[in-house]
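Undergrad: Below you will find the structure I want to go over with you.
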Amino acid sequence: MEITPRVLLYAYCDGIFPMGEEDQLYWYAPDPRAILPLDKFHVPRRLQRTVRQKVYEVRVNTAFERVMHACAAPGRGRESTWITPPIFALYKTLHAAGFAHSVEAWQDGQLVGGLYGVAINSFFAGESMFALARDASKVALVHLVRRLRRRGYLLLDTQFQTAHLTRFGTQEIARDAYLRRLQAALQKPNLFDETHPPLPHLLGPEPAHDYE
């Protein structure tokens, strides 16, 4: 099956997301699934000081492709990336259509950290993050959570549990529980960025899909 942006959106609605390996895309639906409860988000004290001091300027959707490229760049202990050219092309299209967004940390006019993800109604799926300066990606995460809470989002999906995210309060839940939360979030209309609204035709009618 060809994976189009519309198929990708409906995969998210079914609790499934892709990762790339060379020229292939593979579907994932972890069980248990990691989420970050928005009402239990924990900000370590030192990070709170960094946020208050406004060490970084935080912007939204001003450098989406640059954020993706930075997330895909090789790093310590990671020679390859799941953000392959087909993945990049899909999410670039979702961004243009108003469904994928970036939160960016800037310092002295330079992009030094950020994250990106997919937003559908009151559901946000975090995809990847990067930092070129201390705590830059964490500051972006704090601003993401603040934005989601302020707008009444119901679910922040982090997909997998990691040591990096555990300190913020992520938890793992069974797939059935995740799907119930997902459906509630999808049924509550919302906008991540009024200046970059989604194109509604991408979400209807639902395409036939077989995640193989």
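The values are calculated or read from the model by the stated rules, or taken from the named source; none is laboratory data. Predicted model only: the values in this text are computed from it and were never measured. Cβ: placed from backbone, ideal geometry, glycine included. Neighbour counts: every protein chain shown.
Undergrad: Looking at L111, L90, L115, which one is in contact with a Leu (Cβ under 7 Å, 6 or more places away or on another chain) and more than 27 Å from P37 (Cα to Cα)? It would help to see each step written out before you state the result.
TA: Numbers: L111 fails: in contact with a Leu (Cβ under 7 Å, 6 or more places away or on another chain); L115 fails: more than 27 Å from P37 (Cα to Cα).
L90 is the lone residue from the list that is in contact with a Leu (Cβ under 7 Å, 6 or more places away or on another chain) and more than 27 Å from P37 (Cα to Cα).
Per-residue answers, yes or no, for (1) surrounded by 14 or more Cβ atoms within 10 Å (Cβ to Cβ); (2) of a type outside the set (G, A, S); (3) at pLDDT below 95:
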| position | (1), (2), (3) |
| --- | --- |
| Y116 | yes, yes, no |
| S122 | yes, no, no |
| E127 | yes, yes, no |
| D157 | yes, yes, no |
| I173 | yes, yes, no |
| A185 | yes, no, no |
| P200 | no, yes, yes |
| E206 | no, yes, yes |
| H209 | yes, yes, yes |
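Undergrad: Go through P37, P18, P44 for me and flag whichever is in contact with a strand residue (DSSP E or B) (Cβ under 7 Å, 6 or more places away or on another chain) and either surrounded by fewer than 18 Cβ atoms within 10 Å (Cβ to Cβ) or charged (D, E, K, R) (or both).
TA: P37 is the lone residue from the list that is in contact with a strand residue (DSSP E or B) (Cβ under 7 Å, 6 or more places away or on another chain) and either surrounded by fewer than 18 Cβ atoms within 10 Å (Cβ to Cβ) or charged (D, E, K, R) (or both).
Undergrad: What pairs can you find where one residue is in region 131-145 and at positive phi, the other is surrounded by fewer than 21 Cβ atoms within 10 Å (Cβ to Cβ) and among the polar types (S, T, N, Q), and their Cβ atoms are less than 9 Å apart, with a gap of 6+ or different chains?
TA: Sorted first by the residue in region 131-145, then by its partner, the pairs are D135/T50.
Undergrad: Can you name the number of the only condition in (1) in a strand (DSSP E or B); (2) touching a helix residue (DSSP H, G or I) at 6+ places or on another chain (Cβ under 6 Å); (3) on the phi < 0 side of the Ramachandran plot; (4) not β-branched (V, I, T) that W27 fails?
TA: The number of the failed condition is (2).
Undergrad: Still on this structure, I have one more. Which one is farthest from S137 (Cα to Cα) among residues in region 43-66 that are of a type in the set (V, I, T) and assigned to a loop (DSSP other than H, G, I, E, B)?
TA: For region 43-66, the residue satisfying everything is T62.
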